[in-house]
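Taking it in order: structure first as structure tokens, then the write-up.
The values are calculated or read from the model by the stated rules, or taken from the named source; none is laboratory data. Because the structure is predicted, anything quoted here is derived from the model rather than measured. Here the Cβ positions follow ideal geometry from the backbone for every residue, glycine too, while neighbour counts run over all protein chains shown.
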Amino acid sequence: MTTISPLIAGNWKMNGLSQSLDELTELAQLLTTGEAPRAVVVVCPPATILAAVAAQGASSGIMAGGQDCHVEASGAHTGDISAYMLADAGAQFVIVGHSERRASHAENDDIVRAKAEAAIGAGLKPIICVGETESERDGGSAESIVNQQLSRSIPDAAEHHEIVVAYEPVWAIGTGRTPTLEEIAQMHANIRARLVERFGEERGNTLRILYGGSMKPLNAREILNVDNVNGGLIGGASLLAKDFYTIISSV
Ligand code: 13P
């Protein structure tokens with residue numbers, strides 16, 4: 001079995017002003033004074049403080065990521081940010097296809113795939129999000145929905161080492177509810193099987209599959225111990241340095 005170095009990413013969503021850099025300072029202190037983290041650590045702040053997070057995080061090994069990018073490199077797209085701009089600001093990752101963007105910005109798999117392509121073109125690693133809604137799970141179609149999102153959202157030309165996949169059940173995001181460990185294991189095994197189909201046995205087994213949705217200090221350890229869970233994408237609990245550090249230390 002290939003070993004995959006886990007990745008813990010914090011998605012700050014639309015939270016964070018310049019004073020939030022204090023949390024980053026605290027996180028950096030915890031990471032450099034405590035036991036060396038056994039995970040790659042990424043913080044995805046709002047774009048307004050991305051450059052500051054990238055600059056400040058560099059000395060403590062915290063990497064920066066964007067939360068979204070435009071499909072084009074530049075042009076007449078008022079208010080949008082391209083993958084090249086994120087890279088220019090110091091990002092190494094970018095989240096694409098988060099369910100909040102799929103829902104409130106009508107992003108479909110074709111758009112998500114184009115964004116992932118743009119990210120790779122700019123030298124960023126896209127964290128490609130997939131996940132079913134509650135009614136899709138209740139209706140028994142969680143796996144088929146996720147499989148469809150996977151096959152359509154991963155760019156055809158993407159290499160296995162260029163992407164990260166995040167499974168985020170929509171109904172678990174910000175609700176305090178999570179799937180059971182068995183349900184997480186089953187979905188992650190399903191995603192792994194699809195990635196192996198697509199990239200081959202060896203390569204498909206080296207791709208990171210993150211879990212996201214109400215991961216907290218109290219449940220992180222058990223979730224991160226589930227087979228094929230190679231890290232987490234953390235929303236609310238990434239906003240406080242202590243909580244985020246506890247999750248990182250649970251790896
Ligand atoms: P919460 O951890 O707040 O549930 O958010 C998860 C998420 O959407 C991360 O992208």
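Tabulated results
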item: Residue that is nearest to the chain's Cα centre (by Cα), among those in the range 130-153 that are under 15 Å from residue 195 (Cβ atoms) and within 16 Å of the ligand (Cβ to nearest atom); result: 130
item: Qualifying residues in the range 139-166 (those that are in a helix (DSSP H, G or I) and among the hydroxyl-bearing types (Ser, Thr, Tyr)) - the one surrounded by the most Cβ atoms within 10 Å (Cβ to Cβ); result: 153
item: Qualifying residue in the range 56-75 (condition: free of Cβ contacts under 8 Å to residues at least 24 places away in the same chain and either crowded, with 18+ Cβ neighbours inside 10 Å or away from the ligand (no atom under 16 Å from the Cβ) (or both)); result: yes
item: Residue ranges of helices (runs of 4 or more DSSP H) in the range 190-251 with at least 3 members more than 16 Å from the ligand (Cβ to nearest atom); result: 201-204
item: Residues being aliphatic (A, V, I, L, M), out of contact with any Gly (no Cβ under 7 Å at 6 or more places or on another chain) and under 16 Å from residue 155 (Cα atoms) - total across the range 192-202; result: 0
item: Cβ-Cβ under 9 Å pairs, at least 6 apart or on other chains, the range 190-201 side at pLDDT 95 or above, far side hydroxyl-bearing (Ser, Thr, Tyr); result: 191/167; 194/151; 198/151; 199/206
item: Subset tally (residues that are crowded, with 20+ Cβ neighbours inside 10 Å and part of a helix (DSSP H, G or I)) for the range 1-27; result: 3
item: Candidate set from the range 167-189 (those that are assigned to a loop (DSSP other than H, G, I, E, B) and charged (D, E, K, R)); member that is surrounded by the fewest Cβ atoms within 10 Å (Cβ to Cβ); result: 177
item: Where a residue in the range 202-220 is among the charged types (D, E, K, R) and its partner, wherever it lies, is more than 14 Å from the ligand (Cβ to nearest atom), with Cβ under 7 Å and at least six apart; result: 203/160; 208/4; 208/230
item: Members of the range 51-95 that are of a type in the set (A, V, I, L, M) and under 16 Å from the mean Cα position of the chain (by Cα); result: 62, 63, 64, 83, 86, 91, 94, 95
item: Unique match (being within 25 Å of residue 5 (Cα to Cα) and buried (at least 21 other Cβ atoms within 10 Å of the Cβ)) among 49, 128; result: 128
